[in-house]
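Here the structure is laid out as structure tokens; the discussion comes afterwards.
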Amino acid sequence: MNDQVTVGCMAAIRAAAGLIEVIGAIIILRLGTVPKALQVNAFLAAAGPIFMLAVTGVGLLGLAGRIPPVKVVLIAVGAGLILAGSR
């Protein structure tokens with residue numbers, strides 16, 4: 001996978017995540033109650049780390065073969081620790 005495709009995929013995933021966040025904010029405003037807003041917020045909080053892992057995975061695939069396997073593993077473990085720490 002060349003760099004242009006990798007960066008394009010990473011940007012597309014991040015743009016989708018941002019769009020979901022904006023739509024979530026609009027839904028929260030339209031619902032108008034705290035309990036319902038918290039439900040939407042909980043969904044958004046769960047979706048965020050999934051997008052982060054997806055972008056990291058695409059980036060690692062783009063780097064495959066260019067960096068030593070130990071560094072790929074370290075980056076993947078670091079992303080996993082970020083996910084674990086966000087729970």
Taking the Cα centre as origin and putting +1 on Lys and Arg beta-carbons and -1 on Asp and Glu beta-carbons, what dipole magnitude results for the chain, to the nearest 20 debye? 120
Helix 69-85 vs. the chain, principal-axis angle (Cα, 0 to 90°, nearest 10): 20
Of 62, 82, 35, which is farthest along the charge dipole of the chain in the positive direction, counting Lys and Arg as +1 and Asp and Glu as -1 at C-beta? 35
Strictly greater than 17 Å: what percent of every Cα pair in segment 36-81 meets that? 43
Approximate shape of the chain as ellipsoid semi-axes (Cα gyration tensor, √5λ), whole Å, largest first: 32, 16, 5
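For segment 3-85, what does the relative contact order come out to in percent, with C-alpha contacts under 8 Å and a separation of six or more?
Numbers: 39 pairs, mean separation 29.6, N = 83.
Relative contact order comes out at 36 percent.
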When the Karplus curve 6.51 cos²θ - 1.76 cosθ + 1.60 is applied with θ = phi - 60°, which whole-Hz ³J(HN,Hα) does each residue of segment 54-65 get, with x for Gly and Pro? 5, 5, 5, x, 5, x, 5, 4, x, 8, 3, x
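Since every read-out is calculated from the coordinates, none of them should be taken as a lab result. Quick caveat, the model's predicted, so the values are computed rather than measured. Cβ sites come from the backbone with ideal geometry, for glycine too, and all protein chains shown count toward neighbours.
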